[in-house]
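Single-structure report; data block below.
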Amino acid sequence: MTSQQSLGQDASFQLQQIGIIHSCYRQKFGIPRQPGIVTAAETTLELLAPFNQENLVRGLEGFSHIWVHFIFHQTMDEGWRPTIRPPRLGGRQRMGVFATRSTHRPNPLGMSVVELQKITSGNGRLVLHLGAADLLDATPVIDIKPYLPYADAIADAKGGFAVLPTQMAEVKFTDQAMNQCLRYEQRTGRKLVQLIDQVLGQDPRPAYLRESSGRRHGTALWDLNVVWEHTDGYFLVRELEYLTAN
Ligand code: SAM
């Protein structure tokens, strides 16, 4: 086939997984809707064979940010929807799927700009350490590209209906929850209090749960279920439960 020939309307393409995400987010509920928001979320991108060679990332360490292209693997079997009710609009208005970053798309492709903190290698593992991502643990990665400020950052771009929420909600801890967090931090070195504060502070509740004051919820972070409720205008972290490995 020449480059002039069209592939036809029903062309499909095969993609190869090049890496896998390791992150503190063990379920969708609680993950920020875009990267850059929860800075305490530790995330790594491990390149998989045959892409785990230093050659493939030579020169990448000079970029502070990268585009991570990935598959919305957890929702891909649910298919797609032509219109979506974006959480930004309180779930009241419908927008076209291509006007949103919804996970339910004709092709389940996601893209996130994330900070590249460092690249480490050893024992056959090549790992990119990322800042503030919005990615579920075990997300398959299909491509990585450097973020190019001169081309990708557009100072006067319009953001449509999607504006960054400016106010973070207040998050409080019961004594029991705070003690559990501090013990966990001591044992693992993870910044759990900050992580919970940022995850709940960006209000992870979908629109239909916003009215349910006092109802208990659970958010899975690392190997923990964080039990919390929204009451009197703030989030209260009640306790931590250990998740059992399945
Ligand atoms: N920044 C990406 C983009 O614009 O394509 C993702 C935006 S999407 C609105 C972000 C949400 O995707 C997260 O809040 C989380 O609920 C969901 N998510 C993250 N990783 C996922 C995965 N592997 N499968 C399905 N959903 C995922």
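Couple of notes before you dig in:
- Residue in the stretch 102-124 that is farthest from the ligand (Cβ to nearest atom), counting only those that are in contact (Cβ under 8 Å) with a residue 40 or more places away in the chain, out of contact with any helix residue (DSSP H, G or I) (no Cβ under 8 Å at 6 or more places or on another chain) and under 19 Å from Y147 (Cα atoms): E115
- Some residue of the stretch 191-204 being closer than 15 Å to V38 by Cβ, free of Cβ contacts under 8 Å to residues at least 24 places away in the same chain and surrounded by 13 or more Cβ atoms within 10 Å (Cβ to Cβ): yes
- Lone unmet requirement of (1) within 20 Å of W67 (Cβ to Cβ); (2) without any contact (Cβ under 8 Å) to a residue 40 or more places away in the chain for D156: (1)
- Residue within the stretch 31-38 that is touching a residue at least 12 places away in the same chain (Cβ under 8 Å), of a type in the set (A, V, I, L, M, F, W, C), within 27 Å of R125 (Cβ to Cβ) and in contact with a Phe, Trp or Tyr (Cβ under 6 Å, 6 or more places away or on another chain) present: yes
- Selection over the stretch 224-241 of residues that are closer than 19 Å to E185 by Cα and in contact with a Ser or Thr (Cβ under 6 Å, 6 or more places away or on another chain) gives a count of 2.
- Only listed residue being more than 19 Å from the chain's Cα centre (by Cα), surrounded by fewer than 18 Cβ atoms within 10 Å (Cβ to Cβ) and under 25 Å from N107 (Cβ atoms), chosen from R94, R58, R33: R94
- Any hit, the stretch 65-88, residues being within 24 Å of I154 (Cβ to Cβ), more than 18 Å from the chain's Cα centre (by Cα) and either within 9 Å of the ligand (Cβ to nearest atom) or aromatic (F, W, Y) (or both): no
Every number here is computed from the coordinates shown, using simple stated rules; none is lab data. Predicted model, so just to flag it, every value in this text is computed and none were measured. Quick reminder, even Gly has a Cβ in these numbers, built from the backbone with ideal geometry, and neighbours come from all protein chains shown.
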